[in-house]
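Inspection log for the structure reproduced underneath, given as structure tokens.
The values are calculated or read from the model by the stated rules, or taken from the named source; none is laboratory data. Here the structure is a predicted model, which is why all the values come from computation and not from measurement. Cβ coordinates were reconstructed from backbone atoms using ideal geometry, including for glycine residues, and neighbour counts include every protein chain displayed. These accessible areas exclude ligands, DNA and RNA; they are computed on the full protein's heavy atoms, side chains included. Shrake-Rupley method; radii C 1.70, N 1.55, O 1.52, S 1.80 Å.
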Amino acid sequence: MIPPFDLKRQYTALKPELDSAIAGVLERGTFILGEEVAAFEREFAAYCGVTQAVGVGSGTEALHLALCACNIGPGDEVITVAHTAVATAAAIEIAGARPIFVDIDPQRWTMNPAQLEAAITPRTRAIIPVHLYGCPAELAPILDVARQHQLRVIEDCAQAHGALYHGRRVGSWGDLAAFSFYPTKNLGAYGDGGAVVTNDSEIAERLRLLRQYGWAERYVSTLKGFNSRLDEVQAAILRVKLRHLDASNARRRSLARVYGTLLRDTGLQLPLDPEDGEHVYHLYVVRTAQREALRTFLRENDIGTLIHYPIPIHLQPAYTGADHRQLPETETAAAQVLSLPLYPELHEDEVRAVCDAIRAFPQRA
């Protein structure tokens, strides 16, 4: 069986470093907002090319606290996409604001900047572009629109640790950026975790207050905050994995090139590796109108696949009242996307086996 991901292989590869890092935390006996979190925040900010990073409890909370730090809440609107994890919209609603969905670009599968102007109203406060599957969104025109309308840009980088746009890391372009460290991410913890990065020191200080009850000092809340803290064990694990992130991303790109070469003439729509950026292939996603038949065929050949994401947010039961215009590209993508196995520890002969099975599929799109 070739699984869509395998975290055990990753642990085996990094076991001595990870075990040592975890043991160090246990021996020191400090588990919340200690030296590991502080060190990881410094190292991750430097990696992203920003001055500030604030560790929080999850990627969803990173988006939520980023919105709160910008004083975005009830009565406000935030423009984003419906072709993403539901966490993007959930964070907007947790903050009390209203998500407004625009369509995606049919090649890049990220926010279509041409859709933004028509979605802006007097209540619009921010734009959240999502760097989906590891592909950087087309940020330059998004930022131009945001500046013209004095809107915040909060990058959703949950799937794009280390991706580049015009030579700079994603996360360094917007006013703020939110990252998830869910275990399967390119930079993943062994539990939930997240971070907000920014170059705004005042925003960063507000984030540090918000993540822990608004405490400027212990037991004294200077504003209404939350409990959303990255813990020491996860920070120690992330510090180890951060040292290997560029190498693991390079391996993802190498395997993606094998897929691209072997699947070029199969009729599948393959992921775009944009000329203005560098994709880090959190997922290797193809598209076909014959998705369900292909997925069944691959399962019968002991190849695991996943769907990211089968129902766009605006069509999900909890969000059927969400505000959106026509989203034809989003809906078509949701009906066609299929995530093939891809992770740094995947062997090249396994990728070739996946491609051989796809090429043997009798009903190519």
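Cβ-Cβ under 7 Å, sequence separation 6+ or interchain: first residue in segment 239-255 and among the hydrophobic types (A, V, I, L, M, F, W, C), partner assigned to a helix (DSSP H, G or I) and open to solvent by less than 60 Å² (accessible area, probe 1.4 Å). Which pairs?
VAL240/LEU14; VAL240/LEU18; VAL240/ALA21; LEU242/PHE44; LEU242/TYR47; LEU255/VAL351
Quick check on segment 324-343. Is at least one of its residues farther than 11 Å from PRO4 by Cα, of a type in the set (Gly, Ala, Ser), modelled with pLDDT of 95 or more and open to solvent by 10 Å² or more (accessible area, probe 1.4 Å)?
Yes - at least one qualifying residue is present in segment 324-343.
Which members of segment 88-98 meet the condition of being outside any loop (DSSP other than H, G, I, E, B) and surrounded by fewer than 24 Cβ atoms within 10 Å (Cβ to Cβ)?
Scanning segment 88-98 gives ALA90, GLU93, ILE94, ARG98.
Is there a residue in segment 59-66 that is of a type in the set (D, E, K, R) and in contact with a helix residue (DSSP H, G or I) (Cβ under 8 Å, 6 or more places away or on another chain)?
Yes, the conditions are met somewhere in segment 59-66.
Scanning for something under 17 Å from TYR133 (Cα atoms) and over 18 Å from the mean Cα position of the chain (by Cα), does segment 338-360 turn up at least one residue?
no
Can you tell me which residues in segment 182-203 are surrounded by 22 or more Cβ atoms within 10 Å (Cβ to Cβ) and either small (Gly, Ala, Ser) or in contact with a strand residue (DSSP E or B) (Cβ under 6 Å, 6 or more places away or on another chain) (or both)?
Those that are surrounded by 22 or more Cβ atoms within 10 Å (Cβ to Cβ) and either small (Gly, Ala, Ser) or in contact with a strand residue (DSSP E or B) (Cβ under 6 Å, 6 or more places away or on another chain) (or both): ALA189, GLY193, GLY194, ALA195, VAL196, VAL197, THR198.
Could we say that GLU61 is under 24 Å from TYR213 (Cα atoms), assigned to a helix (DSSP H, G or I), touching a strand residue (DSSP E or B) at 6+ places or on another chain (Cβ under 9 Å) and open to solvent by 30 Å² or more (accessible area, probe 1.4 Å) here?
It is true that GLU61 is under 24 Å from TYR213 (Cα atoms), assigned to a helix (DSSP H, G or I), touching a strand residue (DSSP E or B) at 6+ places or on another chain (Cβ under 9 Å) and open to solvent by 30 Å² or more (accessible area, probe 1.4 Å).
Any idea which residue in segment 148-202 is farthest from TYR47 (Cα to Cα), counting only those that are aromatic (Phe, Trp, Tyr) and part of a loop (DSSP other than H, G, I, E, B)?
Per the criteria, the residue is TYR190.
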